[in-house]
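Worksheet: the structure to be examined is printed underneath.
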Amino acid sequence: MLQNVLHNLIPVMQNVATALIPLAMLLAFLNTRKPTALRAWLWRGVYTGMTISLIVAAYRLISGLKREVYEGTTLVFALIFELLLLVVCWQAVRNETRQASSEIPGWIVMGSVTTLLLYPGLEFFLFPAELILSATDLVSVDLLVGILSCLLGLALALFTCLAIVRASRILPARVLLGLMTAGFIAIMLQQSIQVVQIMMARRVLPMSKGMMAVMAPLINQQSWFFYFLLFVTLALPLLLYLYRKPTKPEGLNPAQYRKLLMLARRQLRWGAVVIVSMVGIFCLATFGKAYADHQEEIVPAIPVTAEQGEVGIALEMVNDGHLHRYSYRAANGNVVRFIVIKKGGSAYGVGLDACDICGPTGYYERDNQVVCKLCDVIMNKATIGFKGGCNPVPIEYKVSGGKIVIPADTLEKEQDRFR
């Protein structure tokens, strides 16, 4: 039960928090600007981004839209708008004018918010939709727990963002902009890596050894950018403590100043809420995820050898519809792993226990589904054996004499992937 909760809560929480924490910082900064029309542009961006994401999610479920093209395109536009936003905001603050509505164009605020939401927005709608569509029984405790877990993850992320906005009311615009910039930089770095990853997968960029040596650690450790975002957010309550007793502005009478001090104390309480939320999210994203994933064990690969230049797997060994893993020792000693799964009828999915994006991390079976061990992406069984995305790298094979027959040369050629 706990495993089911964590498997659904953590992705939703992390996905929503990644997008909304920078937006909460932006809203906190815009609250210091006059007039208030810029906040209306922000909300227009929220509505537009979520509406487009909903439409695209529905279209993908109906037509099978390729996510990589959509995500790569939206991420590039997001990077452009986010950079523009940071430039115009710093220009406005540097000019030290409070009539800054003309200096921060509303369309840039709206464009930044819209494009920032397009990538996580798609996952936000697809995750619960696929959870429901993949359920074998629409009236079950597991499905109910899964949906409630998604809602709990959403609520935790939204409450955290509310606390950020409430806690930041007394901080100066320049301080808030500094926090916002750090948060956006964390997101932009992650977005840049995702763009390069997609371009490599689509062969737009070469997958040379040098490129893989640089990108593989960055791709595998993308969660560190999320942790950095949480760390930046933790600076907010620390700054609140420094501003716990604001200087008395000129023209305020004692009663008004006492009201200002009371507001500062209230902000400190919201700051404490931010700390608790950040620690909770961090623990769930690290220890909680490790606990949830620890329950999944990869079935040991069965060693196989070649006879007369071919590796044969008896069909009766793989006809149960479950994932089967095998290992072949190449001539140079490297162990090449491959998987076999019956997709239905007489169709089989045969591929390496590795993909072009995540490398030789491997796959495991969870709830009768094939899942990438690294990125936790669920494979569509029907597409196993075909190129693309996080699918296992397809390998040549044929069905003959009651066996799946794989040329040994095919496995020898792939041994570099498993070094």
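The values are calculated or read from the model by the stated rules, or taken from the named source; none is laboratory data. Owing to the predicted nature of the structure, the values given are computational and were not obtained by experimental measurement. Note that each Cβ is placed from the backbone with ideal geometry, even for glycine, and that neighbours are counted across all protein chains shown. Just so you know, the surface numbers come from the protein's heavy atoms only, side chains and all, with ligands and any DNA or RNA stripped out. Shrake-Rupley method; radii C 1.70, N 1.55, O 1.52, S 1.80 Å.
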Checklist entry - Excluding ligands and nucleic acids, what accessible area in Å² is computed for residue 367 using a 1.4 Å probe, to the nearest 10? => result 130 Å²
Next on the checklist: With Cα extents along the principal axes in Å as the read-out, I listed (i) 68, 62, 39; (ii) 94, 46, 39; (iii) 67, 64, 43; which label goes with the value calculated from this structure?
Outcome noted: (ii)
Checklist outcome for this item: Site residue 73, offset 7 angstrom along Cα→Cβ, radius 18 Å on amide nitrogen, limited to the range 382-419, gives 389
Checklist entry - residue 322: accessible area at probe 1.4 Å, nearest 10 Å²? => result 80 Å²
Item to check | Mean projection area, nm², convex hull over Cα of the range 200-296 | outcome: 11.0 nm²
Item to check | Restraint check, 373/398; 209/343; 209/403; 342/373; 381/403, Cα-Cα greater than 25 Å | outcome: 373/398; 209/343; 209/403
Checklist outcome for this item: Relative contact order as a percentage, the range 278-419, C-alpha pairs under 8 Å and 6+ apart, gives 23 percent
Item to check | GNM top mover of 185, 62, 198 - the chain, alpha-carbon springs below 10 Å | outcome: 62
Item to check | Under DSSP loop assignment and at most 15 Cβ neighbours within 10 Å, longest GluC sites (Glu not before Pro)-free interval of the chain | outcome: 104-249
Checklist entry - Spin-label point model (7 Å from Cα, Cβ direction): what's the residue 90 to residue 272 distance in nm? => result 3.6 nm
Checklist outcome for this item: Computed from the beta carbon distance with a Förster radius of 41 Å, FRET efficiency for residue 396 and residue 83 to the nearest 0.05 stands at 0.35
Checklist entry - What accessible area per residue comes out for the chain, rounded to a whole number of Å², with a 1.4 Å probe? => result 50 Å²
Item to check | Reach of residue 245 by Cα under 22 Å, taken over lysines that are not fewer than 8 positions away in the same chain | outcome: 259
Checklist entry - Roughly how many percent of the accessible protein surface of the chain is carbon and sulfur, given a 1.4 Å probe and a whole-percent answer? => result 63 percent
Checklist entry - Considering the dipole of the range 110-242 built from charges on the beta carbon (Lys and Arg +1, Asp and Glu -1) around the Cα centre, which of 223, 237, 117 is farthest to its positive end? => result 237
Item to check | Set of the range 157-200 residues, backbone N closer than 15 Å to the point 7 Å along the Cα-Cβ line of residue 218 | outcome: 185-200
Next on the checklist: Give the residue list of trypsin sites (Lys or Arg not before Pro) in the range 31-91 that are DSSP loop and have at most 10 other beta-carbon atoms within 10 angstrom.
Outcome noted: none
Checklist outcome for this item: Distance in nm between residue 205 and residue 158 label points, each 7 Å along Cα→Cβ, equals 3.6 nm
Checklist entry - According to a simple spin-label model (label point 7 Å from Cα along Cα-to-Cβ), what is the distance in nm between residue 332 and residue 308? => result 2.9 nm
